[in-house]
1. How many residues does segment B:412-421 hold that are open to solvent by 40 Å² or more (accessible area, probe 1.4 Å) and part of a helix (DSSP H, G or I)?
2. Of the numbered conditions (1) in contact with a strand residue (DSSP E or B) (Cβ under 7 Å, 6 or more places away or on another chain); (2) at pLDDT 95 or above, A:THR80 satisfies every one except a single condition; which is it?
3. From A:LEU101, A:LEU83, which residue is facing chain B (nearest Cβ under 8 Å), in contact with a Lys or Arg (Cβ under 8 Å, 6 or more places away or on another chain) and either under 24 Å from B:SER289 (Cβ atoms) or of a type outside the set (Val, Ile, Thr) (or both)?
4. Among the residues of segment B:39-48, write down those that are open to solvent by less than 10 Å² (accessible area, probe 1.4 Å) and more than 13 Å from every other protein chain (Cβ to nearest Cβ).
5. Working carefully through the options B:LEU268, B:LEU181, B:LEU210, find the one that is in contact with a Ser or Thr (Cβ under 6 Å, 6 or more places away or on another chain), under 20 Å from B:ASP36 (Cα atoms) and assigned by TED's automatic domain parsing to the domain that holds B:PHE303.
6. Taking the condition of being of a type in the set (Lys, Arg) and surrounded by fewer than 17 Cβ atoms within 10 Å (Cβ to Cβ), how many residues in segment B:360-385 meet it?
7. Which members of segment A:42-58 meet the condition of being open to solvent by 40 Å² or more (accessible area, probe 1.4 Å) and out of contact with any Phe, Trp or Tyr (no Cβ under 8 Å at 6 or more places or on another chain)?
8. Please go through segment A:14-37 and pick out each residue that is touching a strand residue (DSSP E or B) at 6+ places or on another chain (Cβ under 7 Å), facing another protein chain (nearest Cβ under 9 Å) and open to solvent by less than 40 Å² (accessible area, probe 1.4 Å).
Amino acid sequence: MKIKLKEIAHARSGDKGDAGNVGVIAYDDKGFEIIKKYLTTEKVKKHFEGICFGKVERYEMPNIRAINFLLHNTLGGGGTVSLKHDAQGKILASAMLRMELDI
Amino acid sequence: MKEKIRIASGQGFWGDLIEAPYWQVTKGPVDYLVMDYLAEVTMSILQKQKNKNPDLGYARDIPELMKKILPICKEKGIKVITNGGGVNPTACADAIIKVAESLGIKNLKIGVVLGDDIKDRIDEIISSGCELNNMDTGESVKTVKDKILSANVYFGAFPIVEALEKGAEIVITGRTTDTGLTLAPMIYEFDWGKENYDLISAGTVAGHILECGAQSSGGNFLGDWQSIENMAEIGFPIAEAYPNGEVIITKHDNTGGLVSFATIAEQLVYEIGDPKTYITPDCIADFTSIKLDDLGNNRVKVFGVKGKPETEFYKVSCSYSDGYSAVGSLTYSWPQALSKAKAADKILRKRLENLNLKFDEIRTEFIGYNATQGPLSTELDEDKINEIMLRVAVRSKDYYSVERFGKEIAPLILTGPPGVTGFAGGRPKPSEVVAYWPALIPKKLVQPVVKLYEL
């Protein structure tokens with residue numbers, strides 16, 4: 001069964017130098033179990049192919065049903081150097097929620 | 001000791017809603033107003049302003065704001081804490097004193113935190129053995145030393161606490177962590193020990209929730225955003241803090257927005273790395289220990305926060321000049337808007353190549369198609385596209401190349417694909433690229449200085 005990440009989670013993203021961070025928050029405990037199992041580092045790395053050119057780090061925050069991802073080498077040099085329209089990675093969260101999970 | 005204090009967030013960045021601080025001090029009870037004005041890019045802008053005029057270099061919105069809120073804050077006993085002093089906190093304090101005099105205010109104590117500006121001390125710091133190596137690349141700061149525009153240490157809450165202990169009603173700082181602004185009044189009012197890391201971390205978490213203004217009270221909320229009511233009059237967050245470290249995040253009654261588990265959770269994950277080690281000058285907070293209890297009615301209790309001792313370093317942020325950039329755009333319309341924009345981009349690139357210009361990067365994005373989500377964007381049926389904005393950005397160490405790029409946009413209108421408009425703004429001008437150099441410095445090499453100015 002395929003589900004859209006957007007249906008079970010919300011998110012927020014921002015910049016940390018040339019890395020973007022995306023925190024994905026499940027709406028309920030069931031959703032958190034799903035993202036814990038299926039929202040893997042590899043899955044995220046593949047999803048952001050052509051956007052994230054560095055490694056992906058993944059941190060679980062069960063206290064708020066969240067997983068935080070750090071996407072390295074993603075913002076075209078970072079905040080003020082970047083030529084990207086979204087130089088601060090504000091849209092990475094929305095881009096993450098496009099993902100489909102095969103569960 | 002007070003049973004609780006209410007700390008109101010008034011600005012999430014320089015450029016935030018101008019009315020917000022006024023709303024915070026008038027729409028309900030608060031004890032402190034905290035305002036974050038500084039982003040990394042702001043420091044270099046302020047430094048340039050100070051280079052031109054030694055009386056500038058701070059957030060110039062502050063005197064204007066003070067004219068409006070100072071009488072209210074004096075009457076209600078609300079203290080104001082802000083890092084809007086930028087690279088010239090003393091000049092900011094002078095400007096506020098002038099405002100106070102013009103308002104006929106007789107007594108005012110302003111605390112000023114100095115010592116974070118190490119721009120003129122870099123040689124001395126290098127010769128003491130600290131080369132301010134770049135945290136990302138490991139390179140010595142010597143490689144960019146001659147191009148440095150600003151260099152500031154991030155101080156934490158304790159210099160602000162010292163200013164409050166000296167009786168300051170307003171505290172103006174230079175580079176201070178956003179979290180320190182909110183943590184400081186808790187330490188001061190509740191007499192929290194420096195080594196009580198759980199409490200210090202609890203105040204730090206509250207600071208993180210407040211530091212981006214309404215982004216924790218319904219603004220930029222990616223959950224059910226349409227359910228957020230009355231964003232036009234959005235209530236900025238307020239931390240109701242208790243001596244045991246528990247904090248209730250709320251907002252004034254009769255304001256818009258929403259404070260809920262979901263809006264707070266979104267702010268908690270904003271711009272964090274490893275949630276177990278959220279490093280500030282005051283502590284290392286563990287964001288996986290935070291417990292949230294949504295009490296309803298726009299009240300969320302934040303509790304259970306654990307923390308560890310601070311590190312022996314301050315973070316330093318240097319800004320340096322790193323070439324030039326420019327952005328040009330044109331809008332192409334139906335029919336075949338995307339094909340036209342793509343063709344125009346090709347023509348432009350060919351002309352830039354023929355001119356032998358030197359660029360470090362040329363980036364093309366098609367607004368309306370792929371500018372925000374790149375390769376994740378879905379293919380569009382071109383007959384249904386009304387318009388596409390072609391956005392081309394360049395960066396180069398060579399000023400001439402960037403300037404010449406700016407002259408190659410408008411010609412596309414008469415010498416390229418049809419159905420094009422949107423060049424009212426004139427030629428794109430080169431702007432200086434300011435890059436950042438993050439580094440660490442041993443705390444013993446820098447001393448915060450707290451001064452009190454009295455009217």
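1. Result for segment B:412-421: 3.
2. (2)
3. Going through A:LEU101, A:LEU83 in turn, just one is facing chain B (nearest Cβ under 8 Å), in contact with a Lys or Arg (Cβ under 8 Å, 6 or more places away or on another chain) and either under 24 Å from B:SER289 (Cβ atoms) or of a type outside the set (Val, Ile, Thr) (or both): A:LEU83.
4. B:LEU46
5. B:LEU210
6. Initially, segment B:360-385 is screened for residues of a type in the set (Lys, Arg), giving B:363, B:384.
Those still in the list that are surrounded by fewer than 17 Cβ atoms within 10 Å (Cβ to Cβ) too: B:384.
Summing the residues that are of a type in the set (Lys, Arg) and surrounded by fewer than 17 Cβ atoms within 10 Å (Cβ to Cβ) in segment B:360-385 gives 1.
7. A:GLU42, A:LYS43, A:LYS45, A:LYS46, A:GLU49, A:GLY50, A:PHE53, A:LYS55
8. Across segment A:14-37, the qualifying residues are A:GLY14, A:ALA19, A:ASN21, A:VAL22, A:GLY23, A:VAL24, A:ILE25.
The values are calculated or read from the model by the stated rules, or taken from the named source; none is laboratory data. Please read all numbers here as calculations on a predicted model, not as lab measurements. Note that we place each Cβ from the backbone using ideal geometry, even for glycine, and neighbour counts take in every protein chain shown. With ligands, DNA and RNA removed, areas are computed over all heavy atoms of the protein, side chains included. Shrake-Rupley method; radii C 1.70, N 1.55, O 1.52, S 1.80 Å.
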